[in-house]
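Single-structure report; data block below.
The values are calculated or read from the model by the stated rules, or taken from the named source; none is laboratory data. Owing to the predicted nature of the structure, the values given are computational and were not obtained by experimental measurement. In this analysis, Cβ positions are derived from the backbone assuming ideal geometry, glycine residues included, and neighbour counts consider all displayed protein chains. In case anyone asks, the SASA skips ligands and DNA or RNA and just uses the protein heavy atoms, side chains included. Shrake-Rupley method; radii C 1.70, N 1.55, O 1.52, S 1.80 Å.
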Amino acid sequence: MEINVEFKEFYKTELKYKLEKIEKERLVFENKMKKDRKKGVIIALGIALLVSIGVQAMQEEGSFTDFLKAFAIFAPVFSLFGWGFGSHFAMKKMLKLKKPFKEKIVAPIIDHFNSNLKYQPEKSITKEEIKDSELFQENIEYYNGDDLFEGSNSFSDYRFSEMRLGVKVKKPDKDGHMRDISHAIFKGVFLVADFQKIIIDSLIIRPNPSFKEENDKKRFIQKGSKFQKEFAKNKYTHWYIEDVKTSQTLRKVETGDGYFDEQFLIYSSDEEKAKTLLEGGLMDFFLKITDWEKEQTYNDKIEGHLQGNYQFPTIYFSIIGNKAYFGKPFDRNFFSPDLLKSIVDEERTAKFYQEIKELNLLMEQMTQIIPKATSNN
């Protein structure tokens, strides 16, 4: 990643010494983790030793060979648990460094990028705003979010944050008993924009779970996506028009663009106005975003950066009155340092700067297209 000269200077004068102070704390936790891991493994080997002696004693003619066989089985398994147990508590303490990192590193980067962009790392888009969007009709059991940004331009006031939404579903365990399992349905960035006037009573766009890609690369990532496989089963994600609380009757909308209409479920209270909005720039914007993200996901998958549990890149979008809601799935956590590595790294810090620019640009484009499309009505 190319780092511009201006940011290099900002890093040296404003960020590096702060990072070095946090790094000293991180190293203390890292050394503690190493010691706890060793203790965990030693204790686990002791337990494995006692269990192996017990196994030998239970044999009618227990021999030293029986003991060795038992120890060879239990020692690796118990050691793994001991190593993980030793890591757990040290990692919990290490995660406390995220707060000072965001306050002392991420916040100054945001202020450097755009002093008018307000940042609140521990806040997020609210549960009520997610519900008001009418985009997720599932019985959402958990709403988790952080890194709230608030900004404005000449078109709207807007705010966005990372959000993780999930439901509880019943699945059989290994014994065939049905258990409640938490299932994520959305992970990414969610935007809410307030416009000065009503745009449309309701326009709702959601991914179509039955859509199947034809392009080889796109089909490859669609088949590999765990999110998409669960979504396509249509067990947890349904569309009930009667549940959408709008002041007018919703009708299905078709834009005439076959690829777009197959990829999304589009409903509105005003079909003609919705089509005008979509044709005024929104449809092209959504297609460009999803196509670009699919290309990036394909490259990440080929390069081994993605495992099986990733989302199929698409968008969620609605306009209810004078508010626009936009959900963009992302398979990465923004502004979170890898605390298992040194955080004093110019390129890694510049990545946060690029992420801020990327997200803010996305939201700026979104909020500019809507009023322009509205003015064409």
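Some points to look at:
- Of the candidates PHE334, PHE352, PHE330, PHE312, the single residue that is touching a residue at least 60 places away in the same chain (Cβ under 8 Å) and over 18 Å from PHE186 (Cβ atoms) is PHE352.
- Residue-level check: of (1) farther than 19 Å from LYS226 by Cα; (2) under 18 Å from the mean Cα position of the chain (by Cα); (3) open to solvent by 30 Å² or more (accessible area, probe 1.4 Å); (4) hydroxyl-bearing (Ser, Thr, Tyr), SER182 misses just (1).
- The set of residues from the stretch 165-201 being farther than 14 Å from PHE326 by Cα and among the charged types (D, E, K, R) comprises LYS168, LYS170, LYS171, ASP173, LYS174, ASP175, ARG179, ASP180, LYS197, ASP201.
- Of residues in the stretch 195-227 being hydrophobic (A, V, I, L, M, F, W, C) and closer than 25 Å to LYS372 by Cβ, the one most open to solvent (accessible area, probe 1.4 Å): ILE198
- Scanning the stretch 115-136 for residues that are in contact with a Lys or Arg (Cβ under 9 Å, 6 or more places away or on another chain) and in contact (Cβ under 8 Å) with a residue 40 or more places away in the chain yields PRO121, ILE125, GLU129, ASP132, SER133, GLU134, LEU135, PHE136.
- Residue satisfying all of: in the stretch 287-324; modelled with pLDDT of 90 or more and open to solvent by less than 10 Å² (accessible area, probe 1.4 Å); nearest to THR367 (Cα to Cα) among these: ALA324
- Number of the exception - LYS351 against (1) open to solvent by less than 60 Å² (accessible area, probe 1.4 Å); (2) outside any loop (DSSP other than H, G, I, E, B); (3) more than 30 Å from ILE199 (Cβ to Cβ): (1)
- Near pairs, Cβ below 6 angstrom, 6+ apart or cross-chain, from the stretch 258-276 (free of Cβ contacts under 8 Å to residues at least 24 places away in the same chain) to any residue that is assigned to a helix (DSSP H, G or I) and buried (at least 16 other Cβ atoms within 10 Å of the Cβ): none
- Sole exception among (1) in a loop (DSSP other than H, G, I, E, B); (2) at pLDDT 85 or above; (3) among the hydroxyl-bearing types (Ser, Thr, Tyr) for SER336, by number: (2)
- Just one of the listed residues (GLU162, GLU134) is under 25 Å from TYR267 (Cβ atoms) and acidic (Asp, Glu), and it is GLU134.
- One residue stands out among those in the stretch 241-266 that are at pLDDT 85 or above and under 19 Å from THR374 (Cβ atoms): the one that is most open to solvent (accessible area, probe 1.4 Å), which is THR255.
- Check on GLU358, at pLDDT 80 or above, closer than 26 Å to LYS127 by Cα, open to solvent by 40 Å² or more (accessible area, probe 1.4 Å) and not in a strand (DSSP E or B): yes
- With respect to (1) open to solvent by 60 Å² or more (accessible area, probe 1.4 Å); (2) closer than 24 Å to LEU340 by Cα, the lone exception for SER87 is condition (1).
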